[in-house]
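The values are calculated or read from the model by the stated rules, or taken from the named source; none is laboratory data. Keep in mind it's a predicted model, so treat the numbers as computed, not measured. Every residue, glycine as well, gets a Cβ built from its backbone with ideal geometry; the counts of neighbours run over all protein chains shown. Only protein heavy atoms, including side chains, enter the accessible area calculation; ligands, DNA and RNA are left aside. Shrake-Rupley method; radii C 1.70, N 1.55, O 1.52, S 1.80 Å.
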Amino acid sequence: MWNAMSMKEAVKQWEAHTQQKISTAVEIKLIGICPSLDKMDTVMLSFIACEKLSLSSNNIERIANLGSMKHLKILSLGRNSIKSISGIEAVSETLEELWISYNQIEKLKGIGMMKKLRVLTMSNNLVREWVEFMRLAEVPNLKELVFVGNPLEERCTSEGVWRSEVVRRLPNLAKLDGQQCMETEVNLSDAKTELRPKSAESEDNEDGSKFKNSGDEDEQEIEEEEEEEEREEEEEEEEEETEEQNENEKNCIESQMELSVTSNPVTHSLEPVTEEIGLKEE
């Protein structure tokens, strides 16, 4: 069975090697400890003077016990087994750089609390959706971002839209994946947005307006169909009324003709002929 090294033992070895007290150290490096560290335990509460803490290349699964580090500016947690950034909020007032590449992070909930964070290096994690990425827009001072190796970046890079989309969504970003964000990329992003078909624009709408608009269109179509049905029914009723009226008029005419024939029998129609014949005989 694999055995991890405790933080207490790691600190003991670090103090022996550096000839420093951990409580007064400004920079602490516990990188690639063998056996690996698997916990950020309560021993870290003694790191009260630390401004830069490096715990990369271990087997840490959870961020914890940062609360006593009131001066921490740089935190390196790359190449561990961290699945969430929960716990990072303990240094939200001071942390300026977070290096957390090569972990298993899918969600970025809580990142918006990092008021002074300028640099975020989190390549090769598991962020897949724009909805999670857009939590970075809540970080007020973010200027540099490294995001390569996340499923979202890989997909968008293959489509040729990664940089333009990030620049559009994070307009205050100065550097992306080690390269300066240029003004031309901003203009290109705006141009692509204008040329993009409506269906693509609706896919990028994170506020749910896509579903709302779709619902409105469906309701409008239903209303139009109902109105069309009503018009057709009215036209059918008018046609039936017209046919009935024509039929009544026809019946009326036929009745008058029958009445006329009845009131003027054939014998009466022969009277003038008889009279003429009678005159000739006289």
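Summary table
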| read-out | value |
| --- | --- |
| Leading residue by the ranking (farthest from SER76 (Cα to Cα)) among those in the range 18-37 that are open to solvent by 50 Å² or more (accessible area, probe 1.4 Å), touching a strand residue (DSSP E or B) at 6+ places or on another chain (Cβ under 8 Å) and not hydrophobic (A, V, I, L, M, F, W, C) | PRO35 |
| Matching residues, the range 90-117, being open to solvent by 10 Å² or more (accessible area, probe 1.4 Å) and over 25 Å from the mean Cα position of the chain (by Cα) | ALA90, SER92, GLU93, THR94, GLU96, GLU97, TRP99, TYR102, LYS116 |
| Qualifying residue in the range 32-40 (condition: more than 36 Å from the chain's Cα centre (by Cα), outside any loop (DSSP other than H, G, I, E, B) and modelled with pLDDT of 95 or more) | yes |
| Any chance GLU203 is charged (D, E, K, R) and at pLDDT 70 or above | no |
| Among (1) of a type outside the set (Gly, Ala, Ser); (2) assigned to a helix (DSSP H, G or I); (3) in contact with a strand residue (DSSP E or B) (Cβ under 9 Å, 6 or more places away or on another chain); (4) open to solvent by less than 80 Å² (accessible area, probe 1.4 Å) - the single one GLU15 does not satisfy | (3) |
| Cross-chain or 6+ apart pairs with Cβ under 8 Å, the range 103-128 first and acidic (Asp, Glu), then part of a loop (DSSP other than H, G, I, E, B) | GLU106/LYS83; GLU106/ASN125; GLU106/LEU126; GLU106/VAL127; GLU106/ARG128 |
| Unique residue being under 15 Å from ASP177 (Cβ atoms) and in a loop (DSSP other than H, G, I, E, B) when the list is GLY67, GLY78, GLY149 | GLY149 |
| Matching option when the condition is under 24 Å from LEU126 (Cα atoms) and crowded, with 18+ Cβ neighbours inside 10 Å, among SER86, SER56, SER81 | SER56 |
| So VAL139, is it among the aliphatic types (A, V, I, L, M) and within 19 Å of the chain's Cα centre (by Cα) | yes |
| Selection count where residues are touching a Ser or Thr at 6+ places or on another chain (Cβ under 6 Å), more than 15 Å from GLN104 (Cα to Cα) and either open to solvent by less than 10 Å² (accessible area, probe 1.4 Å) or in a loop (DSSP other than H, G, I, E, B) (or both), scope the range 119-146 | 0 |
